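Novice: Sharing a structure here in C-alpha cells format.
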Amino acid sequence: MRISGALRAVWTVIALALLLGAGAVHAQDRLGAQARLLADDSRITASRTQLDVDLALSQPVPYRLRVLAAPPRLVIDLNTLDWGEDPVPQSGTAIAAQRRGHLSDGWARMVLDMAAPYLPETAEQKIDPESGEARILLRLKRVPLEEFEQRAHSEEALIARTSEALLHPDAPAPQLVAARRPVVMLDPGHGGIDPGAERDGHRESDIVLDFARILREVLLRRGIFDVAMTRDADVFVSLDGRIRAARAAQADMFLSLHADALPEGMASGTIVYTLGDEASDDSAAYLAERHDRADMLAGVDLAGNTDEIARVLMSVAWQDTAPRAKSLAESLVTGVGEAGLRLHRRPVQSGAFTVLRAVDMPSVLIELGFMSNPRDLAALLDPDWHAQMAEVLADALEVWWQEDQALQALRRQ
Ligand SMILES: [Zn+2]
C-alpha cells in the first residue's frame, strides 16, 4: 500500500479495529482478564525514513490510529488495555517522547511525538492461535510536511465522524505539550552597501541570498526545522547584528552562507569554517579580514573584536559548543562529498570569523564555492546546482541534528 492510498488505510484500520472488537470481547470472556501490554516484547524503531511500532499484547484489542499536526504526533488508542509500568523500548531518535494514559471510556491512549512527519502505511494485528497473544504492527513512512498536514487534518475529521467513543466529551485527553522545532538560522553573507565578491556583473550577496531562500524552502518542507534568516532582502546587516538576530530567533544552529573570491588559484570547491583563534591557512585569514572590513566600511566599530573572539574561545560554554560546531562542519562536508559535489582539498577549516563567535549555538561559515574560480562560478549561477546543494546540506543537517541530540541526551544523563 503506497502512501497515496493511506486514506484507505485509515478506513481499513477502523474496520479492522471494529471487527477485532468482537473478537476481543470473546477473548476477555474466555480469559476473564484485561489485556496487558507486554513491554519487553514491544518495540518502537525509528529511522529517518521509517517508523515501526510493534506492540505485544496479552490478548487482541480493538485499536485506532490518528495523526496530529504541529508538531507531528501519532495517537494510538487501544480498547481496554492496561499499559503497566514499563515504557515501550525505543531505538532511534525520531521519537521525542511517548506518553500514555487511560481515557475514562475504557480506551487506553499512547501519543508519540515524532521528530519528523511520518504517515501510516500499513497497520495489522496478528494473533498467535497458540498463546492467544496479539501483536499490533504499524509501519509509518516519512512524507513531506505538506502531505502530512493535509492528511493529519482529514484523518482527524474522518475519525471524529466515525467514532464518537474516541472523542468522548468527558474523556480527559492526555496533556499534549507542543514540542518546539529546532531553529536553523541562515545567514546570507553581505548585502546592501556590501555586495561581497563580484564577477561578470554577478554579486556574492545576491547569489547567497538566492541560495538561502532555496535552502529555507527545502528545510521547511522536511517538517523538522524552523528557519529564520538574518536578512531576506538586499540590505546591510552588521556581523554582530546577524548574531543578535540569531539569538532573537532562539536559533539552535547558525549557518553563514558565502561564495567569496580569492586571489587567482587560491581556492575552489566548498569549504566549511568554524571559529578558531588562528586561521588554518592564508585564505581563511584573508576571508575573515575581508568580512570584518565590510563592517568597518559601514561604520561599525570593531575595536576589541580580536579580544572578544579570544574571550569566547576561552569561555567554559565554548568547550561544549566547539565540538558541536566541528561535528556540524564535518557532517556538512561529508554530505557534500558523498553527493559528488566539489569540495576544497581541505574542506574543514577554521578562522577568526566575527560572525561565528556566538558561544551559545554551533555556528559555521560555508563557502559554497568561490566566485573567483570559473568552474565554481558556473555552479553558483546554476539553479540545478542550488537545488542539489540545498538538499545535500539539509540532509547533512538532519543527520547531524539527530546525532547531536542523541549525544546531548547522553551528556545530560
Ligand atoms: Zn563572503
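The values are calculated or read from the model by the stated rules, or taken from the named source; none is laboratory data. Bear in mind that the values here come from a model prediction, so they are computed numbers and not experimental data. All Cβ positions, glycine included, derive from the backbone under ideal geometry; neighbour counts span all protein chains shown.
Novice: Is there a residue being within 12 Å of the ligand (Cβ to nearest atom), outside any loop (DSSP other than H, G, I, E, B) and without any contact (Cβ under 8 Å) to a residue 40 or more places away in the chain anywhere in region 196-203?
Specialist: Within region 196-203 (the criterion being within 12 Å of the ligand (Cβ to nearest atom), outside any loop (DSSP other than H, G, I, E, B) and without any contact (Cβ under 8 Å) to a residue 40 or more places away in the chain), the answer is yes, since at least one residue qualifies.
Novice: For the list (1) of a type in the set (A, V, I, L, M); (2) surrounded by fewer than 17 Cβ atoms within 10 Å (Cβ to Cβ); (3) within 13 Å of the ligand (Cβ to nearest atom), I need the number of the one condition that Leu209 fails.
Specialist: (2)
Novice: Please find, within region 227-254, the residue that is surrounded by the most Cβ atoms within 10 Å (Cβ to Cβ) out of those that are closer than 20 Å to Ala325 by Cβ, in contact (Cβ under 8 Å) with a residue 12 or more places away in the chain and not hydrophobic (A, V, I, L, M, F, W, C).
Specialist: This residue is Thr230.
Novice: Is it the case that region 340-348 has a residue that's in a helix (DSSP H, G or I) and assigned by TED's automatic domain parsing to the domain that holds Ile271?
Specialist: no
Novice: Please go through region 342-373 and pick out each residue that is β-branched (Val, Ile, Thr) and within 16 Å of the ligand (Cβ to nearest atom).
Specialist: Those that are β-branched (Val, Ile, Thr) and within 16 Å of the ligand (Cβ to nearest atom): Thr354, Val355, Val364, Ile366.
Novice: Is there a residue in region 95-116 that is under 30 Å from Asp404 (Cα atoms), touching a Leu at 6+ places or on another chain (Cβ under 9 Å), modelled with pLDDT of 85 or more and part of a loop (DSSP other than H, G, I, E, B)?
Specialist: Scanning region 95-116 turns up at least one residue that is under 30 Å from Asp404 (Cα atoms), touching a Leu at 6+ places or on another chain (Cβ under 9 Å), modelled with pLDDT of 85 or more and part of a loop (DSSP other than H, G, I, E, B).
Novice: While we're looking at this one, here's another question. Which is more than 20 Å from the chain's Cα centre (by Cα), crowded, with 16+ Cβ neighbours inside 10 Å and assigned to a helix (DSSP H, G or I), of Ala329, Ala379, Ala358?
Specialist: Just a single option satisfies the conditions, and that option is Ala379.
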